[in-house]
Amino acid sequence: RRSDDFTVAMETVTAWAWGPLSLLTFLALLRQHPARHVLQLVVSLGQLYGDVLYFLTEARAGWAHSDPHPLYFWGYFVGLNGLWLLVPALLLLDAGHQLATAQRGHDRPRHKAH
């Protein structure tokens with residue numbers, strides 16, 4: 001059987017880019033590194049983008065690579081794969097909130113001490 005070109009391409013990017021970047025993000029979060037939220041935003045956006053492309057590609061193919069049994073389709077394919085949409089979306093919102101809060105604090109007018 002021939003492999004799916006899209007899946008091979010996406011998994012190659014995941015293995016060589018998102019995997020190591022995810023590890024770097026994890027270490028930055030553990031060490032409270034200033035770039036931790038930027039890294040979290042980048043990794044989450046990349047993961048979310050790949051997942052959306054995966055679902056849309058499968059939908060355009062008429063769900064050809066999914067078992068049509070309702071329990072499998074809704075429980076496994078949609079439910080479990082949906083977690084890969086939900087978690088990055090929540091982390092993306094968190095990173096955006098953290099960065100906006102930091103920017104707001106940076107933008108406040110500073111009063112000079114006399």
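The values are calculated or read from the model by the stated rules, or taken from the named source; none is laboratory data. Owing to the predicted nature of the structure, the values given are computational and were not obtained by experimental measurement. Ideal geometry is used to build each Cβ from the backbone, glycine not excepted, and the neighbour counts take in all protein chains shown. In case anyone asks, the SASA skips ligands and DNA or RNA and just uses the protein heavy atoms, side chains included. Shrake-Rupley method; radii C 1.70, N 1.55, O 1.52, S 1.80 Å.
A few points about this structure:
- Test for H65: is it of a type outside the set (G, A, S) and over 30 Å from D4 (Cα atoms): no
- Scanning the stretch 50-69 for residues that are among the small types (G, A, S) and assigned to a helix (DSSP H, G or I), we see that the one that is surrounded by the most Cβ atoms within 10 Å (Cβ to Cβ) is G50.
- Of all residues in the stretch 23-58, those satisfying the criterion of being within 18 Å of N81 (Cβ to Cβ) and either of a type in the set (D, E, K, R) or free of Cβ contacts under 8 Å to residues at least 24 places away in the same chain (or both) are Y49, D51, L56, E58.
- As a summary of the residue check, A100 satisfies the conditions (1) surrounded by 12 or more Cβ atoms within 10 Å (Cβ to Cβ); (2) at pLDDT 95 or above except for the one numbered (1).
Residue by residue, here is whether (1) over 20 Å from P88 (Cα atoms); (2) touching a Gly at 6+ places or on another chain (Cβ under 7 Å); (3) modelled with pLDDT of 95 or more; (4) exposed (fewer than 13 other Cβ atoms within 10 Å of the Cβ) holds:
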{"position": "L30", "(1), (2), (3), (4)": "no, no, yes, yes"}
{"position": "A35", "(1), (2), (3), (4)": "no, no, yes, yes"}
{"position": "V43", "(1), (2), (3), (4)": "no, no, yes, no"}
{"position": "G46", "(1), (2), (3), (4)": "no, no, no, no"}
{"position": "L71", "(1), (2), (3), (4)": "yes, no, no, yes"}
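- Test set (1) within 17 Å of the chain's Cα centre (by Cα); (2) open to solvent by less than 50 Å² (accessible area, probe 1.4 Å) - G75 fails condition number: (1)
- H111 passes every criterion in (1) touching a residue at least 24 places away in the same chain (Cβ under 8 Å); (2) in a loop (DSSP other than H, G, I, E, B) apart from (1).
- Matching residues, the stretch 1-21, being open to solvent by less than 50 Å² (accessible area, probe 1.4 Å) and at pLDDT below 95: M10, T14, A17, G19
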